[in-house]
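**Q** Would you mind keeping the following structure in view while I ask a few things?
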Amino acid sequence: MNPTATPGPSDSGGATNGKHALTPEERAEYERLRRHAAVRHRRERRAGSSVLLVLTLLLAPLAVVAAWVQDTVSDTDRYVETMAPLASEPPVQDAVINRLTDRVVERVDVGAVTDSLTKALQDAGAPPRVVEGADALTAPLQDAVRNVVDRTVRGVITSDAFQQAWEGANRRSHAAVVNMLTDDGGGALRAEGGTVQLDVGEVVDQARERLVDAGFDKAAAIPDTDRTITLFQTEELGKAQDAMRLLDVLGVWLPVLTVALAALAVWTAPAHRVMLMITATGVGVMMVVLLVALAVVRRVYLDSVPPTALPPDAAAAIYDTFVRFLRDTTRTLLVVSVITALIAYLYGPGRPARAVRAVADRSTTAAGRGLRRAGVRTGSTGRRLADHRAWTTGGIVAAAALALVLWNHPTVGAVALVLGVALAVLIVLAILAAASGPTGRAADRAAS
C-alpha cells in the first residue's frame with residue numbers, strides 16, 4: 001500500500017482514485033506509527049527469544065545426563081568401556097581380595113589345629129615347655145594361613161585372565177544395567193532394599209577353586225552371600241530409578257529439543273550474533289553447574305557408603321570410573337560453548353574484536369603479497385574466494401560443526417583438533433584470496 005495514496009472524490013461518472021502528497025503532520029504520524037510497530041515487533045521477538053533461551057539453559061544439563069544414560073544403557077561397547085576399568089582399579093581389587101580372604105580365614109579353625117597338636121604332644125610325653133610352645137603357634141599359623149590365602153586370591157584378581165573374564169561377564173550381562181535402573185532384578189548389577197549390589201560370582205568361583213586346589217578345603221564352604229559387594233546405599237534409590245527411567249526415555253529426543261530451542265532463540269532474536277554469544281555463554285555456565293553438581297553428588301555418595309561395606313578409596317574409584325564419560329562430555333560442551341561465544345564476539349563491533357580482525361587481515365594480506373612476489377598467483381579462483389569470503393567462512397564453520405556432530409563421543413582433544421584444522425583452512429584460503437591481487441572495487445579503481 002502506498003502511504004501517499006488517498007481515496008479521491010467521486011463525480012457523477014463514477015468513483016476514481018486520486019493521489020496527493022501527505023502533509024507534514026500526516027507524514028509525522030505515519031512515521032510515528034511505523035516506529036511504534038517496529039519497536040513492538042522487536043519487543044515481541046526479544047521476549048520470545050528470552051523464553052526460548054531460558055528453556056534451553058534449563059534443559060541443557062538434563063539433556064547431557066539423559067544422553068549419557070541412554071548411551072551407556074543402549075550401547076554394549078560403551079557399557080563395557082565404562083565398567084572394564086573397575087577390574088584394574090587397585091582400591092577395588094583390594095576390597096574384593098580382603099573380603100574373600102576374610103571369609104576363608106574365618107572358616108579355617110587354626111585353634112583346633114594347635115589344640116590337636118598340643119594333645120598329641122602331651123600323649124607322646126613331650127616336655128611341658130614343648131607343649132606350651134605348641135599353644136603359642138596359634139597366632140603365627142593364622143598369619144601364615146592368611147598370607148597364603150591372600151596371595152592366592154590376589155593372584156586371581158590381578159591376573160590378565162580375570163581382566164578378560166570381567167570384560168566378558170560385563171559384555172554378556174549388559175542387560176544388568178537396564179535391570180538395575182528399572183528395578184527388574186538380576187544381572188551383575190541389581191537393586192535390593194535401597195542398595196545397589198555388584199555380583200562378583202565369577203570371581204568367587206575362580207578364587208574358591210584355586211584355594212581348594214591349594215589345599216584349603218574350607219574354602220569350598222564360602223557361601224553365596226559373599227558373592228555380592230554393595231556399591232550404593234541410599235534411601236533415595238527408588239526416586240533415582242524413576243528419574244533414570246525418565247532420562248532413558250528422553251535420552252534421544254531431549255538433546256535434539258535443546259539444540260532446536262537454542263537455534264530458535266538465536267533466530268528469533270533481533271540481534272542474532274548477540275543472542276548466539278549469550279546462548280553459548282549460558283550453556284557454558286550450565287555445564288559448570290553440572291560439573292559442580294557431579295562433585296557434590298560424589299561427596300554425598302561417599303558419605304552414604306559405610307566403610308564396613310566398601311572402603312572410601314574403592315567407593316571413590318567406582319564413582320569416578322562410572323561417571324567419567326559424563327564428566328568428559330560436560331567438559332567438551334563447556335569448551336565448545338566458550339569457543340562459540342568467543343567467535344561470536346570476534347565478529348562484533350567491539351574494539352578488541354576489530355583489532356583482532358585487522359591483525360588477521362594484515363597478516364594474510366602480507367602473506368598473499370609475498371606469494372605474488374614469488375610468482376604464485378591464484379587468479380580468478382582467488383578473486384572468487386575474496387568476493388565470497390562470508391560464504392566461504394560460513395561453509396568452513398558449518399563443516400567443523402558437522403565434524404563434531406558426526407564424531408563418535410568427541411572429547412576436548414577432538415574439539416581442539418577440529419578447531420585447529422578449521423583455522424588452518426581459513427588462513428590458507430585467506431592467503432590464497434590475497435594472492436589474487438586487487439579484487440572487486442579495488443580492481444575497478446585500479447583499471448580507471
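The values are calculated or read from the model by the stated rules, or taken from the named source; none is laboratory data. Fair warning: this is a prediction, and the values are worked out from it, not measured in the lab. Neighbour counts are summed over all protein chains in view; Cβ atoms, including those assigned to glycine, are modelled from backbone coordinates with ideal geometry. Just so you know, the surface numbers come from the protein's heavy atoms only, side chains and all, with ligands and any DNA or RNA stripped out. Shrake-Rupley method; radii C 1.70, N 1.55, O 1.52, S 1.80 Å.
**Q** Tally Lys/Arg at +1 and Asp/Glu at -1 over every other residue whose Cβ is under 11 Å from the Cβ of G348; what's the total?
**A** Combined, the nearby Lys, Arg, Asp and Glu give +4.
**Q** Sticking with this structure for a sec: Residue-wise, which Karplus ³J(HN,Hα) couplings in Hz belong to the stretch 326-339, taking 6.51 cos²θ - 1.76 cosθ + 1.60, θ = phi - 60°, and x for glycine or proline?
**A** Values, residue by residue: 5, 5, 5, 4, 5, 5, 4, 5, 4, 5, 4, 5, 4, 5 Hz.
**Q** Next up: Ignoring ligands, DNA and RNA, please state the percent of accessible area on the stretch 292-388 from carbon and sulfur, probe 1.4 Å.
**A** 65 percent
**Q** Another one. State to the nearest 20 debye the size of the charge dipole of the stretch 252-354 about its Cα centre, where the only charges are +1 on K and R beta carbons and -1 on D and E beta carbons.
**A** The calculation lands at about 440 debye.
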